[in-house]
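Student: Just dropping this structure here.
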Amino acid sequence: MNSKVYDVAIIGAGCCGASIARKLSAYEISVILLEKCVDVGFGVTKANSGIIHAGFHHPLTSLKARLEIRGNLMFDQLHYELGFPFKRVGIIVVAFSVEEMKTVEHLYAQGVANGVPRMEICGRERILSLEPQLNSDVVGGLYAPTGGIIEPYRYVFALVESAQKNGVDVRTHFTVEQGIKDGDYWIVKSREGEEIRAKYVVNSAGLFADEVSKSFNAEIYKIIPRKGEEFLLQRNARGLPNHVIFPVPGAHTKGILVIPTVEGTLMVGPTAIETDDKYDIETTSQNLETVFMQATYMVPAISRREIITSFAGLRPTLKGNDFYIEPSKIQPHFIHVAGIQSPGLTASPAIGEYVKDILKQEGLQLVEKKNYDPFLPHPIKVRELSLEQIEQVVEKDPKYGHIVCRCENISEAEIIEAISKGHTTLDGIKFYTRAGMGRCQGAFCTYKILKIVSRETGIPIEKITKRGDNSWIIFKRLQALAENTPET
Amino acid sequence: MQERNYDVVVIGAGAAGMASALKVAEQGLKTAIVDREPFLGGILPQCIHNGFGVHLFKEELTGPEFAERFIQEIIKSDIDIYLNTTATSMAVHQPIKQINLCSSQHGVFRINARAIVLAMGCRERNRGNLSIPGTRPAGIFTAGLAQRLINIDGYIPGKRVVIVGSGDIGLIMARRLTWTGAEVLAVVEILPYPSGITRNIVQCLNDFNIPLYLSHIITKIEGKDRVEAVEITPLENGAPNYAKTFKVACDTLLFSVGLVPENELTQSAGIKINPETGGPQVDTRLMTSAEGVFACGNVLHVHDLVDWVSDEAQRCGKELINFLQGKTEKIEQGKIVVGSNLKYVLPNKYRLGEANRFSMRSLIVRDKATLVVRQGEKTIRQFTLRHVKPAEMFHIELKPEDFKEVVINGELLPIEFSLS
């Protein structure tokens, strides 16, 4: 069987895989990014809270702390180059007792040791002036202005787009089933019956990193999914804070957060519950209670009446809770990037660099590309433009004047752009453009988007899915119409 | 930016927008009507069932037929029609109002107008608003979206359907889906009584033997890619009895769980909202907190019959004309107080010297209910209502002689409505 040959194959197009791919795209090597889902970022990353942590939660003895701190510093440059939504809104940890203030002091000391800049221990007045929405019982807290927020899927889309622009191949619907060593190469076989060859394989398969490792006859370990449920509240919801609000952390989790998202909605969560089911992304009513009890304790104005949607995701954790990023000791040219739970998103740019260095140590020749272009054109978003600017873009392309998603103000041209970038599922378009993410949750725009996708791609409406596989949306055409009229 | 000048701009070309636009254009006012969709009629064209027009036209019409009567009038009139056009923002706190619009056909442009009618209608509450636990597969639709997909676009959303909520659109869709060959397995209603009007319960569920589960809730949605099943749990004494939970295998879930007036444009313009209706606060002229900005139809409060929407919109048009002619500037208005067992009373003011028509919704289900109207301590009118329930809006009219001009501290004495 003839299969295409690469220097590096990266398994899993989440924030780590995408980051590694983009980093490697700066060098004269051939790279392929393999993803089992219908689109990139559709695994663990999709449900990420989108926090760019400041770097005071973990001691420097852990790999994750070192990568977190480095990663945090890299986001301004990445944002400048790629244009995904990112704001350094700052993080506040709130303490409600003298005991909790002791933990705040510990976090502060840890942050200082980690080199986190401009942190502040705040008394009650200072913390309330920073965040007037807080419960007035607050006694003080920690302020870390370098913390921030991003939209995780937009970040991954941008990384992948940039990687593709610089020559990386991306294959979706490629579920890695087995890796077989054949001389200098790995033969990577997919469940879908395809195969590719690569000298090096990077296993950034998230929840499935343990299964991938096993299928390559590399180290045996167990990824333990830790579930998190989040609730999204409408734009300008009551209680919308200025900063990301953290409670004083517990043993395994940073606690329930109150997050002002980068798009102006409010998010509360996540819970942290271990599960043994890698597909368990159900939300539950008990956790709704827990999340809102804790969130409203910190910010009393938050109201569950303003929920527009809820979702759950799974953090891929390993025993010991640190990241596991190293070359296999059993199988040469196989690199583990596993156990990337929080603060994985923050660390991901640094993980890209770190894995690049590992590959170099493992013998991969890395010569910088002369024509490497780190920049992406920033997509036009009608909702962010002034009337005059909208006028200009509508003159160039009238489809910017046709608002398809009324809640988030997304134009037809933006939908078409998402489709042209390969996002042809409803969720792909939603994550790329925000169409369907607002208060009506797609009730007014779903039929319009279905028609646009069908028109632009030729996919019949019955074959369009929400997120690939069996997630069909339309059963069939009305019989009378199907018989008498052509498809529109 | 291109600017156009009108006396009146109507935002939304559904039942309310069309009726109010026709009323004002009748008087020779230069009028524009704007809608995001490529056609006039709003949601009516997708409501292909009958039952429209019984009060207004004294005959039973389908939604498209009802809409067509207005559409033909609009086309014949001098009203300028802007379709596929979205109103993005407006400045309303000066005598000449500015409405910014955009469309692929006209680009970005501004309408300057002496008065605005808000007629943007409403949207459906959805699964997220209810925080129903479970997975988030494909196959979850609001009833209105499913109706649109079938009746306008010709696409059937699923084969085995459970409907959540017994709102009118959900009931209509139970019948419509059955006619497409789909199987409607259950209609699940949290309340002990249906949310939709009685006629729809009989004609859409009973006639097709579709089970209606009152006092039941959906406690879980299952399915990885597409909906596979839902869990239904009865409520007993207000709490779910999980021991009696049962599962229904299905591939589609429709939500018909209430409507919310669509007032983001209104709010962004700084117009005050009534938290009980979700619509703007209005006085007896149906004028909002911004002078010269009027509201009618479902953007003001959610109606159960389109006939009442058209009726309200025509009144709104008349009031707007009077306003522009300077006839209502100095009218005195008193406050309305919403008393026991009423969700809201609309408008939020009353005025002397003429008949006042009020729309209201009950919080209770009761036969032979009594509506008491008081001014101060004095009961000024009493109405016996054959049957009240939250799902059915009712209207009453007070005559000019019903209330006296009683002024306390420079204000007319408020009128209070209460139901028992």
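The values are calculated or read from the model by the stated rules, or taken from the named source; none is laboratory data. Owing to the predicted nature of the structure, the values given are computational and were not obtained by experimental measurement. When we count neighbours, we look across all protein chains shown, and the Cβ atoms used for this are built from the backbone with ideal geometry, even at glycine. Each accessible area value is taken on the protein alone, full model and side chains, heavy atoms only, with ligands, DNA and RNA left out. Shrake-Rupley method; radii C 1.70, N 1.55, O 1.52, S 1.80 Å.
Student: Taking segment A:131-154, which residues are under 22 Å from A:Ser303 (Cβ atoms) and touching a residue at least 12 places away in the same chain (Cβ under 8 Å)?
Tutor: A:Glu131, A:Gln133, A:Leu134, A:Asn135, A:Asp137, A:Val138, A:Ile149, listed by residue number.
Student: Just to verify a result, which residue in segment A:87-102, among those that are of a type outside the set (Val, Ile, Thr) and open to solvent by 20 Å² or more (accessible area, probe 1.4 Å), is nearest to A:Thr253 (Cα to Cα)?
Tutor: A:Glu100
Student: Search segment B:13-28 for residues being in a loop (DSSP other than H, G, I, E, B) and in contact with a helix residue (DSSP H, G or I) (Cβ under 7 Å, 6 or more places away or on another chain), and hand back the single one that is surrounded by the fewest Cβ atoms within 10 Å (Cβ to Cβ).
Tutor: B:Gln27
Student: Here is a follow-up. Do you know which of the residues in segment A:73-86 that are open to solvent by less than 50 Å² (accessible area, probe 1.4 Å) and in a helix (DSSP H, G or I) is nearest to A:Phe246 (Cα to Cα)?
Tutor: Per the stated criteria, the residue is A:Phe75.
Student: Out of segment A:373-385, which residues are facing chain B (nearest Cβ under 9 Å) and either open to solvent by 50 Å² or more (accessible area, probe 1.4 Å) or farther than 16 Å from B:Thr88 by Cα (or both)?
Tutor: Of everything in segment A:373-385, nothing turns out to be facing chain B (nearest Cβ under 9 Å) and either open to solvent by 50 Å² or more (accessible area, probe 1.4 Å) or farther than 16 Å from B:Thr88 by Cα (or both).
Student: Looking only at segment A:275-332, filter to residues that are among the basic types (Lys, Arg) and away from chain B (no Cβ under 14 Å); which one of those is most open to solvent (accessible area, probe 1.4 Å)?
Tutor: A:Lys319
Student: Suppose we filter segment A:257-270 for residues that are in contact with a Lys or Arg (Cβ under 7 Å, 6 or more places away or on another chain) and open to solvent by 10 Å² or more (accessible area, probe 1.4 Å); how many remain?
Tutor: Total meeting the criteria: 3.
Conditions tested, residue by residue: (1) within 12 Å of another protein chain (Cβ to nearest Cβ); (2) closer than 30 Å to B:Ile156 by Cα; (3) among the basic types (Lys, Arg); (4) in a strand (DSSP E or B).
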residue: B:Ile221; (1), (2), (3), (4): yes, yes, no, yes
residue: B:Val248; (1), (2), (3), (4): no, yes, no, yes
residue: B:Thr266; (1), (2), (3), (4): no, no, no, no
residue: B:Thr284; (1), (2), (3), (4): no, no, no, no
residue: B:Asn298; (1), (2), (3), (4): no, yes, no, no
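Student: Here is a check on your reading of the model: is A:Ile51 of a type in the set (Val, Ile, Thr), in the same structural domain as A:Gly179 (by TED's automatic domain parsing) and open to solvent by less than 20 Å² (accessible area, probe 1.4 Å)?
Tutor: Yes, satisfied.
Student: Taking into account only those residues within segment A:444-462 that are within 12 Å of chain B (Cβ to nearest Cβ) and open to solvent by 10 Å² or more (accessible area, probe 1.4 Å), which is farthest from A:Thr424 (Cα to Cα)?
Tutor: Filtering segment A:444-462 for residues that are within 12 Å of chain B (Cβ to nearest Cβ) and open to solvent by 10 Å² or more (accessible area, probe 1.4 Å), the one farthest from A:Thr424 (Cα to Cα) comes out as A:Phe444.
Student: Output yes when any residue across segment A:218-232 is over 21 Å from the mean Cα position of the chain (by Cα), assigned to a loop (DSSP other than H, G, I, E, B), β-branched (Val, Ile, Thr) and more than 19 Å from A:Lys278 (Cβ to Cβ), and no when none is.
Tutor: No, the conditions are met nowhere in segment A:218-232.
Student: Which of the following residues is under 20 Å from B:Ile221 (Cα atoms) and in the same structural domain as A:Val93 (by TED's automatic domain parsing): A:Thr271, A:Thr265, A:Thr253, A:Thr261?
Tutor: Unique residue meeting the criteria: A:Thr271.
Student: Just checking, which of A:Ile281, A:Ile302, A:Ile335, A:Ile259 is at pLDDT below 95 and either in contact with a Phe, Trp or Tyr (Cβ under 8 Å, 6 or more places away or on another chain) or in a strand (DSSP E or B) (or both)?
Tutor: The unique qualifying residue is A:Ile281.
Student: Shifting gears a bit: Suppose we filter segment A:386-421 for residues that are in a loop (DSSP other than H, G, I, E, B) and either buried (at least 18 other Cβ atoms within 10 Å of the Cβ) or among the aromatic types (Phe, Trp, Tyr) (or both); how many remain?
Tutor: Of the residues in that region, 5 qualify.
Student: Within 30 Å of A:Val38 (Cα to Cα), open to solvent by 20 Å² or more (accessible area, probe 1.4 Å) and in contact with a Pro (Cβ under 8 Å, 6 or more places away or on another chain) - does that describe any residue in segment B:173-186?
Tutor: No: zero hits.
Student: Taking only segment B:173-201 into account, find how many residues are modelled with pLDDT of 95 or more, assigned to a helix (DSSP H, G or I) and touching a strand residue (DSSP E or B) at 6+ places or on another chain (Cβ under 9 Å).
Tutor: Here the count works out to 5.
Student: For segment B:142-172, how many residues meet the condition of being within 11 Å of chain A (Cβ to nearest Cβ), out of contact with any Phe, Trp or Tyr (no Cβ under 7 Å at 6 or more places or on another chain), closer than 27 Å to B:Glu392 by Cα and not in a helix (DSSP H, G or I)?
Tutor: Residues flagged as within 11 Å of chain A (Cβ to nearest Cβ), out of contact with any Phe, Trp or Tyr (no Cβ under 7 Å at 6 or more places or on another chain), closer than 27 Å to B:Glu392 by Cα and not in a helix (DSSP H, G or I) within segment B:142-172 amount to 1.
Student: Does A:Phe475 fit the bill of being in contact with a Cys (Cβ under 8 Å, 6 or more places away or on another chain), at negative phi and of a type outside the set (Gly, Ala, Ser)?
Tutor: no
Student: Can we say B:Leu235 is in a strand (DSSP E or B) and away from chain A (no Cβ under 11 Å)?
Tutor: Here the answer is yes, as B:Leu235 does meet what is asked.
Student: Another one. Residue under question is B:Gly196, and the condition is that it be away from chain A (no Cβ under 14 Å), closer than 20 Å to B:His49 by Cα and open to solvent by less than 10 Å² (accessible area, probe 1.4 Å); does it hold?
Tutor: yes
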